[in-house]
Amino acid sequence: MNPEEAAQSLAMIRQTQAKAIRTQTWLPTWFITGVGVLVTGVLVVSEPGTPIPVTICGGILLMAALGALTAVFAKTRPMTVSDPAMRRAFSAVYLPWLFAGIVLCWVASFALQAADVPYGMAGGGVVMTVYFALGSRAISRRIARRVARRFEETH
């Protein structure tokens, strides 16, 4: 194989790799929504006035559900890219989105509590869960595009 053919073959391999990266679901909607539901559950069982048996049993069930959610995610997750581009994209795209969801939860929770809505903190958790459910697909696509672009540029 001459250098020109090798370069073409390598370019085609890079294109195929970038295409695979673009189609990967980085954050499945079911997983990030499940995390939001679990946070909402923690807010429910920790609300003042929640009966102690509900708090204890709910806390145990929530921890078991977190373990199950994490195990299913780890088993069903497709291949991942271990690359600085992935870490940069994840940090630049995912973390601000995640923190915005947490701030949204706090704002909604405190507003509902200030309005004396029963289980207002849990209501904030529901708002965050909806934010996660509606935004996870777009964030996943954005991460995939960003990683693929950087992958093409650096490899």
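The values are calculated or read from the model by the stated rules, or taken from the named source; none is laboratory data. The structure presented is a predicted model; accordingly, all values stated were derived computationally and were not measured. Every residue, glycine as well, gets a Cβ built from its backbone with ideal geometry; the counts of neighbours run over all protein chains shown. Side chains are part of the model used for accessible areas, which takes the heavy atoms of the whole protein and leaves out ligands, DNA and RNA. Shrake-Rupley method; radii C 1.70, N 1.55, O 1.52, S 1.80 Å.
Data overview
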{"quantity": "Of all accessible heavy-atom area on the chain, the percent that carbon and sulfur account for (1.4 Å)", "calculated": "69"}
{"quantity": "Mean projected area (nm²) of the alpha-carbon convex hull when region 5-61 is viewed from all directions", "calculated": "5.5"}
{"quantity": "FRET E, pair residue 8, residue 87, Förster distance 30 Å, beta-carbon r, rounded to 0.05", "calculated": "0.50"}
{"quantity": "Axial C-alpha extent at least 18 Å, average Kyte-Doolittle at least 0.0 - helices from the chain (DSSP)", "calculated": "29-45, 52-76, 95-114, 120-154"}
{"quantity": "Difference of contour (0.36 nm per residue) and Cα-Cα distance, residue 60 to residue 152", "calculated": "28.6 nm"}
{"quantity": "Accessible area (Å², 1.4 Å probe, nearest 10) - residue 57", "calculated": "80"}
{"quantity": "Relative contact order of region 1-116, pairs being alpha-carbon contacts under 8 Å that are 6 or more residues apart, as %", "calculated": "23"}
{"quantity": "Total charge dipole magnitude, the chain, about the Cα centre, Cβ charges on Lys, Arg, Asp, Glu only, Debye to nearest 20", "calculated": "440"}
{"quantity": "Accessible area in square angstrom per residue, region 94-140, 1.4 angstrom probe", "calculated": "53"}
